[in-house]
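These notes are about the structure you will find just below.
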2 protein chains.
Amino acid sequence: MDGTLLVNCALSALGGFLSYRMIKEFIPIFLQRGMHGNDQCKVSNDKVPEPLGVVTAAVYLIIMFLFIPFPFFQWTTSEIDKFPHEKFLAFLSGLISVCTAILLGFGDDVLDLRWRHKLMFPTLSSLPVLMVYYVTNRSTSVIVPKYFHFLLGQQIDIGPLYYIYMGMMVVFCTNAINILAGINGLEAGQSVVIAISVAIFNIVQLIRLESQDWYHYLSLYFLLPFIATTVVLFYFNWYPARVFVGDTFCYWSGMTLAVVCILGHFSKTMALFLVPQVFNFLYSIPQLFHLVPCPRHRLPKFDPKTNTVGMSMSVFKSRELKPLGQFCLAVFQTFGLLHRREFERDGEMWTEVNNLTLINLCLKLFGSMHERSLTILLLSIQAFCSCVAFFIRFYMASLVYDVVH
Amino acid sequence: MDGTLLVNCALSALGGFLSYRMIKEFIPIFLQRGMHGNDQCKVSNDKVPEPLGVVTAAVYLIIMFLFIPFPFFQWTTSEIDKFPHEKFLAFLSGLISVCTAILLGFGDDVLDLRWRHKLMFPTLSSLPVLMVYYVTNRSTSVIVPKYFHFLLGQQIDIGPLYYIYMGMMVVFCTNAINILAGINGLEAGQSVVIAISVAIFNIVQLIRLESQDWYHYLSLYFLLPFIATTVVLFYFNWYPARVFVGDTFCYWSGMTLAVVCILGHFSKTMALFLVPQVFNFLYSIPQLFHLVPCPRHRLPKFDPKTNTVGMSMSVFKSRELKPLGQFCLAVFQTFGLLHRREFERDGEMWTEVNNLTLINLCLKLFGSMHERSLTILLLSIQAFCSCVAFFIRFYMASLVYDVVH
Ligand SMILES: [Mg+2]
Ligand SMILES: [Mg+2]
């Protein structure tokens, strides 16, 4: 095993330990400064400190800064002919994007930013990563499935489109965790599941392929400290949550995943791991774009009598629904993905639908349940999707492509 | 003139405009979120939003991200033989340090961090800059004044000591602006004066020397957007302050200056521009290290009757003063740098000295004055020091060294 990776493991362990200590140290500080949220799915109304994600993110940055000198030392000594500038560039560009994502998230937690800020900032801050991709590996070719070779050849170069695709991947990832969120343990839990899946993928690739291993090392360098610090955060955020992770965590985590998949050249594989997030995003679109009325919060509804959470609803006058919204709801209903009830009140027809999130969909399909069970269910779905992703990546792909890397 | 520099100027202008718009947009948001401070040198007790420095810092980052593609495009097209990785590395490493400094500052404003966090974080985040310095220019030699050539040779290599010196420079710069602060317009004003001085120095060097011009271009790339955004912040922070800049600004500004002088290889010249900050630090040491009792705030004292500010005092029992503190005070007194009064109360001897900051020293030397006059006085001192720095750098140096770059 590579010595630098060993150092990374050791520093990750240190990062986990530091996170534990720092979260404990900062919980009273957050409460004292009035930085706390309200847990809407609890009987008690205790203040929960938020965003503790910024503490683990800061620990993560410290660990990364402590780590850089080790690969750097390896590069300056072992690679005799010349210093591998591209590797150092890849590392620094990734770190910039992660750092700006943390800053954006913390700003959002403290100041509640507008959507245009939240979309523009990650797009811009991913530019260095894309430029490094351009310098180190200009391949923008997509391998064509073998059944279409007669039509398109072995691979087609989609050029600038590939950069647009990667840019959109960054913006999607940065927001993906943030929109599948809201119950204890979910944000940190899903990130841990995805990050561990990616790390396993990297290790498998390192064992299978000797040649292109640097990318997978780089990915592990970023992911292992992330996993170590986030597991600790997950522990504190687990039901009943003693801390909230905040937008800071969501942006940080999303950007870390985006950066490793772009610098590691496995953005398509990453998309497979993100199937629940993609589904949640597509399912949310009618509400995100206000085709269907969207209440301020779409969290599940807490029932203090049974101590369970159930679907939360969006209720509106039926005639207020736009045609396009009507169409989306009809599609969802056809596939059994929607709770819908029409009723009359004060001589007008009203419509009630569940809020369009994966969380509410689970509650529709499996009924009301305890909040902890809901988190476990959602994390199980995430883990199941990772298994399917591995199956598709390593087995199915060999049926469709001649060569699979 | 270089086309990329022209683009940088245009983007800087855009940055100034955006800063103006964003500060106006965010002032009510900050007040609404309860992010405000108290102006202790005013009759009225209006809430002043703080830290608006984070808004201009975010605009700065956006401008920098928008800018990177331009030099990048120039590098990929004009330098035919190979892509200049070192230049890109220098750019990214600088941006990382600036970005982490902003994050640290914002964290400090929101959470009031401890000293150990504030010293450790910039030290670590400057590592990439030092590593890039190592890769691109391993020179750690110091040129020896010609009178000592017979003793030490033309230059001596101080090796690792040079990196320690640069690391200390980063930590000093990051905190230098923060400890010479507290009255309307001072933080932003001194940063503007220093940054403009450095930019003039860069331009003079670009005109004088054709060879090593890249470093000075890099420095200007970082400084011009900084000047443009900070001038706008200065305008809002000018007496009577409508916004406070916060620790965010101080760390951001200090780190930007540190980064350009290290990547630009003119850290010794930078030290000349920072003479007021260095003096203020040295003068503060007895209180910073608690050799002399240090009250929580060392701001000048506001007199509502005359609407002026005067020296603030530290009052303590004479026997509580440690011998080392006694010694420091005696030294300051010898040079006329101290107000000191001994008096008896309740049968014990008490000592009253002015708080040891450059601001209070000015008030001792020139008497109480209006807060705006005090800012103008301090900024004039800063500008005067810049003039002296130019004189030393370009005239005196030629007397001591044979070749001056
Ligand atoms: Mg938010
Ligand atoms: Mg502070």
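Before anything else, pin down the relative contact order of chain B: Cα pairs under 8 Å, at least 6 apart, normalised by residue count, whole percent.
Numbers: 575 pairs, mean separation 83.3, N = 405.
Relative contact order here is 21 percent.
Rounded to whole Å, how close does chain A get to the rotation axis onto B by Cβ? Give me the residue too, please?
Of all Cβ atoms in A, the one closest to the rotation axis yields A:His85, 2.
Over all alpha-carbon pairs in the range A:274-370, figure out the percentage whose distance exceeds 23 Å. Walk me through the numbers before you get to the answer.
On the way: 1129 of 4656 pairs.
So the portion of pairs separated by more than 23 Å is 24 percent.
Any idea how far the Cα center of the range B:220-282 sits from the one of the range B:25-54, in Å?
Centre-to-centre (Cα) distance: 22 Å.
For the range B:313-388, list log₁₀ I(q)/I(0) at each q in 0.26 Å⁻¹, using the Debye formula over Cα point scatterers of equal strength and ignoring solvent, two decimals each.
Those come out to -1.20, one per q.
What angle, in degrees between 0 and 90 and rounded to the nearest 10, separates the Cα long axis of helix A:53-67 from the longest principal axis of the Cα atoms of chain A?
0
Ranked from highest to lowest mean number of other Cβ atoms within 10 Å per residue, what is the order of the peptides B:124-136, B:100-112, B:382-394? Spell out each step's value before the answer.
On the way: B:124-136: 22.3, B:100-112: 23.8, B:382-394: 16.5.
Ranking the peptides B:124-136, B:100-112, B:382-394 by packing returns B:100-112, B:124-136, B:382-394.
Per residue and in cubic angstrom, what volume does the convex hull of the Cα atoms of the protein assembly as shown have?
On the way: hull volume 174.1 nm³, N = 810.
Convex hull of Cα atoms, per residue: 215 Å³.
Between the helical axis of A:69-78 and the dominant principal axis of chain A, each derived from Cα atoms, what acute angle in degrees is found, rounded to the nearest 10?
Helix A:69-78 sits roughly 30 degrees off the main axis of chain A.
Using DSSP loop states and a limit of at most 15 other Cβ atoms within 10 Å to flag GluC sites (Glu not before Pro), what is the longest stretch of chain B containing no flagged site? Don't jump to the answer; show the numbers that get you there.
Values: sites that count: B:Glu79, B:Glu210.
The answer is B:211-405.
Stokes-Einstein diffusion coefficient for the range B:154-238 at 37 °C in a medium of 0.692 mPa s, Rh from the Kirkwood formula over Cα pairs: what value in µm²/s?
Details: Rh = 14.9 Å.
The calculation lands on 220 µm²/s.
For chain A, modelled as a GNM with alpha-carbon contacts under 10 angstrom, which of A:Phe72, A:Phe150, A:Phe121 fluctuates the most?
Ranking A:Phe72, A:Phe150, A:Phe121 by mean-square fluctuation puts A:Phe150 first.
When Cβ neighbours within 10 Å are restricted to other protein chains, what is their mean count per residue of peptide A:255-267? Don't skip to the end; give the middle numbers.
Numbers: counts 0, 0, 0, 0, 0, 0, 0, 0, 0, 0, 0, 0, 0.
Mean partner shielding for this stretch: 0.
So, with +1 on the Cβ of K and R and -1 on the Cβ of D and E, and no other charges, what is the size of the charge dipole of the protein assembly as shown about its Cα centre, to the nearest 20 debye?
Working: 56 positive and 50 negative charges, 202 e Å.
Using Cβ point charges on Lys, Arg, Asp and Glu, the protein assembly as shown gives about 960 debye.
For the range B:158-218 and the range B:283-322, write down the distance between their C-alpha centroids in whole Å.
What the calculation gives is 30 Å, centre to centre.
Per 20 Å bin from zero, what fraction in whole % of the C-alpha pairs of chain B is there, up to the bin with the longest pair?
25, 55, 19, 1, 0
Once a ≥ b ≥ c are taken as the square roots of the eigenvalues of the Cα gyration tensor of the range B:1-140, is the result rounded (a/c under 1.5), prolate (a/b larger than b/c) or oblate (a/b not larger than b/c)?
Values: a/c = 3.54, a/b = 1.61, b/c = 2.20.
Because a/c hits 1.5 or more and a/b fails to exceed b/c, the range B:1-140 counts as oblate.
Once fully extended, how much extra length lies between A:Ile196 and A:Phe327, figured as 0.36 nm per residue of separation less the alpha-carbon to alpha-carbon distance?
On the way: separation 131, 0.36 × 131 = 47.16 nm, distance 3.84 nm.
Separation in residues times 0.36 nm, less the Cα-Cα distance, equals 43.3 nm.
Work through the residues other than B:Leu338 whose Cβ is under 13 Å from its Cβ and net out their charges, Lys, Arg +1 and Asp, Glu -1. Working shown, then result.
Numbers: positive: B:Arg340, B:Arg341, B:Lys364; negative: B:Glu342, B:Glu352.
Spelling it out: positives minus negatives among the neighbours equals +1.
Between B:Thr306 and A:Gln155, what is the spin-label point distance in nm, taking each point 7 Å from the Cα along the Cα→C-beta axis?
7.8
Given the peptides B:169-177, B:300-308, arrange them by the average over their residues of other C-beta atoms within 10 Å, most packed first.
The densest-packed peptide leads the list: B:169-177, B:300-308.
For a test of the definition: using alpha carbon positions, the gyration tensor, and the 1.5 limit on a/c, classify the range A:135-292 as rounded, prolate or oblate.
Working: a/c = 2.42, a/b = 1.41, b/c = 1.71.
Taking the square roots of the gyration eigenvalues as a ≥ b ≥ c, the range A:135-292 is oblate.
Taking each residue in A:100-106, count the Cβ atoms of any other chain within 10 Å of its Cβ, then average. What number comes out?
Working: counts 9, 0, 4, 10, 2, 0, 5.
Whole-number average of other-chain Cβ neighbours for A:100-106 is 4.
Averaged over its residues, how many other protein chain Cβ atoms are within 10 Å of peptide B:60-66's Cβ atoms?
Values: counts 0, 8, 6, 1, 5, 11, 2.
The mean count of partner-chain Cβ atoms within 10 Å per residue comes to 5.
For chain A, set up a GNM with springs between Cα atoms under 10 Å and report which of A:Leu377, A:Leu223, A:Leu161 has the largest fluctuation.
Sorting by GNM fluctuation, first place goes to A:Leu161.
Taking only Cα atoms and a 10 Å spring cutoff, compute GNM fluctuations for chain B and point out the largest among B:Ala330, B:Ala258, B:Ala58.
B:Ala330
Can you give the net charge of the other residues whose Cβ lies under 10 Å from the Cβ of A:Thr248, counting K and R as +1 and D and E as -1?
Details: positive: none; negative: A:Glu50, A:Asp108, A:Asp109, A:Asp247.
Once all neighbours under 10 Å are counted, the net charge is -4.
How many times 2.2 N^0.38 Å is the alpha carbon radius of gyration of the range A:60-196?
Working: Rg = 18.8 Å, N = 137, 2.2 N^0.38 = 14.3 Å.
Ratio of Cα Rg to 2.2 N^0.38 Å: 1.31.
Rounded to the nearest 500 deg cm²/dmol, what is the calculated helix-only ellipticity per residue at 222 nm for chain B, with -39500 (n - 2.57) per DSSP H run of length n ≥ 4? Please list the in-between numbers first.
Numbers: 17 runs with 260 residues, N = 405.
Computed mean residue ellipticity for chain B: -21000 deg cm²/dmol.
Using Cα atoms only, what is the angle between the long axis of helix B:127-136 and the major principal axis of chain B, expressed in degrees (0 to 90) to the nearest 10?
Approximately 30 degrees, to the nearest 10.
Since every read-out is calculated from the coordinates, none of them should be taken as a lab result. All of these numbers come straight from a predicted model, not from anything done at the bench. Cβ: placed from backbone, ideal geometry, glycine included. Neighbour counts: every protein chain shown.
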